[in-house]
Amino acid sequence: KGKEYDLLLWSAPPHIWEDYKRTIENLRRCVKHGGYLVIADAYLYSDEHKATYPDYETLSETVEAFTEFGDRVVQRHDYRDALWAKNYRTDKEAVEAAIENAESLEERESLMRYLEELTESESADIECLGLYLAVLQIQKK
């Protein structure tokens, strides 16, 4: 409590406070004036997907949250859906290897159901969510 750091990395953060602005407000308390907050997360392509992903906001809402407190966006990279395929491919390969090594039919069937769910999740994520990386320089008064 009360410590501030030069750099805070927040990767794929759950929105553990009420909204993105409140999340940023709380995270920046941990960073010194002039320090950096690096955030890697997903965003909604449009509001029409809020019912599917209620914890996410659009990119414009997210950028607004970044600048709400006067912090400077030093760098931002929008990956859109470029990383989903790689992430899901890695997950699927691990599940496929586990299926091959399953010790029981029940375990194999459970893993096969999970593999199907991964495929469905991948389709939904690619359709609804983009990925970004932002570096904020914290400006405290």
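The values are calculated or read from the model by the stated rules, or taken from the named source; none is laboratory data. For clarity, every value in this text was computed on a predicted model and none was experimentally measured. Neighbour counts are summed over all protein chains in view; Cβ atoms, including those assigned to glycine, are modelled from backbone coordinates with ideal geometry. The accessibility values were calculated without ligands, DNA or RNA, using every heavy atom of the protein model including side chains. Shrake-Rupley method; radii C 1.70, N 1.55, O 1.52, S 1.80 Å.
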Give the relative contact order (percent, whole number) for the chain; include only Cα pairs under 8 Å separated by 6+ residues. 36
Can you compute 3J(HN,Hα) from phi for each residue in region 38-53, using the Karplus curve 6.51 cos²θ - 1.76 cosθ + 1.60 with θ = phi - 60°, rounded to whole Hz and x for Gly and Pro? 9, 10, 10, 7, 9, 9, 7, 5, 7, 4, 4, 9, 4, 5, 6, 10
Which residue, chosen from Ala82, Leu27, Leu115, occupies the Cα position most advanced towards the positive end of the dipole of the chain, where the dipole is computed from +1 (Lys, Arg) and -1 (Asp, Glu) charges on Cβ about the Cα centre? Leu27
Okay, helix-only estimate at 222 nm for the chain: each DSSP H run of n ≥ 4 adds -39500 (n - 2.57), divide by all residues, round to 500 deg cm²/dmol; what do you get? -13500 deg cm²/dmol
Expected vector for region 23-34, Karplus 3J(HN,Hα) from phi with 6.51, -1.76, 1.60 and θ = phi - 60°, integer Hz, x for Gly and Pro, equals 4, 4, 4, 6, 5, 5, 4, 8, 10, 5, 4, x
At a 1.4 Å probe, what is the % contribution of carbon and sulfur to the accessible area of the chain? 48
Accessible area in square angstrom per residue, region 24-141, 1.4 angstrom probe: 60
Choose one of His49, Trp10, Leu59: the residue whose Cα lies farthest towards the positive end of the charge dipole of the chain (beta-carbon charges +1 Lys, Arg; -1 Asp, Glu; about the Cα centre). Trp10
